[in-house]
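Scroll down for the structure; my scribbles are underneath it.
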Amino acid sequence: MLKIDIQSTPPIAALICSGRLVLGIETETLRCLATSRPEKHLLLDLSRLHVIDAAGLGLLVELHRWTQEHSARLTIAKRSVRAHRLISLTGLNCVLDLSDVPAESATAGESGEWRTMTA
């Protein structure tokens with residue numbers, strides 16, 4: 001199961017992912033939520049993921065390309081040990097915009113909208 005907490009403080013939307021980012025409803029849920037956001041900067045916090053597979057990694061690349069095509073920005077704010085290892089092993093650390101700033105910090109101090117979605 002994938003749980004996504006969303007904090008929106010335009011122009012930034014932080015999507016904090018917990019659980020599994022795997023082929024199926026989990027990747028589809030994140031794809032739909034990320035591509036439907038009106039903000040021009042998406043921050044994905046993957047620090048609470050305990051499982052990620054090839055479909056999850058593929059989705060990160062897809063979202064990276066999608067944001068480029070839509071004049072937006074995607075930042076992977078934090079990564080779990082497993083996500084960090086897989087991103088590094090596949091060489092995606094050279095492609096994706098990685099940061100160690102927690103998503104909550106990037107939108108802290110401003111009033112924003114919080115939502116939780118579960119897949």
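The values are calculated or read from the model by the stated rules, or taken from the named source; none is laboratory data. Model, not experiment: these values are computed from the prediction. Counting neighbours? That spans all protein chains shown, and the Cβs are built from the backbone with ideal geometry, glycine included.
Couple of notes before you dig in:
To keep it simple, each residue is scored yes or no on (1) at pLDDT below 95; (2) surrounded by 19 or more Cβ atoms within 10 Å (Cβ to Cβ); (3) part of a strand (DSSP E or B).
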{"residue": "I4", "(1), (2), (3)": "no, yes, yes"}
{"residue": "A13", "(1), (2), (3)": "no, yes, yes"}
{"residue": "E26", "(1), (2), (3)": "no, yes, no"}
{"residue": "R31", "(1), (2), (3)": "no, no, no"}
{"residue": "A34", "(1), (2), (3)": "no, yes, no"}
{"residue": "P38", "(1), (2), (3)": "no, no, no"}
{"residue": "D45", "(1), (2), (3)": "no, yes, yes"}
{"residue": "L49", "(1), (2), (3)": "no, yes, yes"}
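- Residues in segment 10-34 that are among the β-branched types (V, I, T) and under 16 Å from R115 (Cα atoms): 3 in all.
Conditions (1) hydrophobic (A, V, I, L, M, F, W, C); (2) in contact (Cβ under 8 Å) with a residue 60 or more places away in the chain, marked per residue:
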residue: A13; (1), (2): yes, no
residue: T29; (1), (2): no, yes
residue: A55; (1), (2): yes, no
residue: S88; (1), (2): no, no
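Per-residue answers, yes or no, for (1) exposed (fewer than 14 other Cβ atoms within 10 Å of the Cβ); (2) at pLDDT below 95; (3) out of contact with any Pro (no Cβ under 9 Å at 6 or more places or on another chain); (4) β-branched (V, I, T):
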residue	(1), (2), (3), (4)
L60	no, no, yes, no
W66	no, no, yes, no
L86	no, no, yes, no
T90	no, no, yes, yes
D100	yes, yes, yes, no
T107	no, yes, yes, yes
